[in-house]
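S.K.: Below are the structure tokens for one structure; questions will follow.
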């Protein structure tokens, strides 16, 4: 499990923001991906956290965590 590691956009993690919706796609989900994911917003103290529970794994498994925050510019996703 990770502790407060910033997530970068890449093959494993896809980070998308559009019209106030901020999404983290996790590709090829495995048990080690289970945990709490947080997003912080630029120039604020606002944070949103979601818990991901993994019940199955495989190359076709994708997890999606989404947050709706209008007028907020996402700063970073953290696990």
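S.K.: Return a yes/no flag: does segment 36-46 have any residue that is out of contact with any helix residue (DSSP H, G or I) (no Cβ under 8 Å at 6 or more places or on another chain), modelled with pLDDT under 85, surrounded by 11 or more Cβ atoms within 10 Å (Cβ to Cβ) and at positive phi.
M.R.: no
S.K.: Looking at (1) modelled with pLDDT of 85 or more; (2) more than 14 Å from residue 61 (Cα to Cα); (3) loosely packed, with under 11 Cβ neighbours inside 10 Å, which one does residue 11 not meet, given that it meets all the others?
M.R.: Here residue 11 clears every test but (2).
S.K.: Quick one: in segment 5-14, of everything that is in contact with a strand residue (DSSP E or B) (Cβ under 6 Å, 6 or more places away or on another chain) and in contact (Cβ under 8 Å) with a residue 40 or more places away in the chain, which residue is nearest to residue 54 (Cα to Cα)?
M.R.: Checked segment 5-14; the qualifying residue nearest to residue 54 (Cα to Cα) is 13.
The values are calculated or read from the model by the stated rules, or taken from the named source; none is laboratory data. Bear in mind that the values here come from a model prediction, so they are computed numbers and not experimental data. Neighbour counts run over all protein chains shown; Cβ positions are idealised from the backbone, glycine included.
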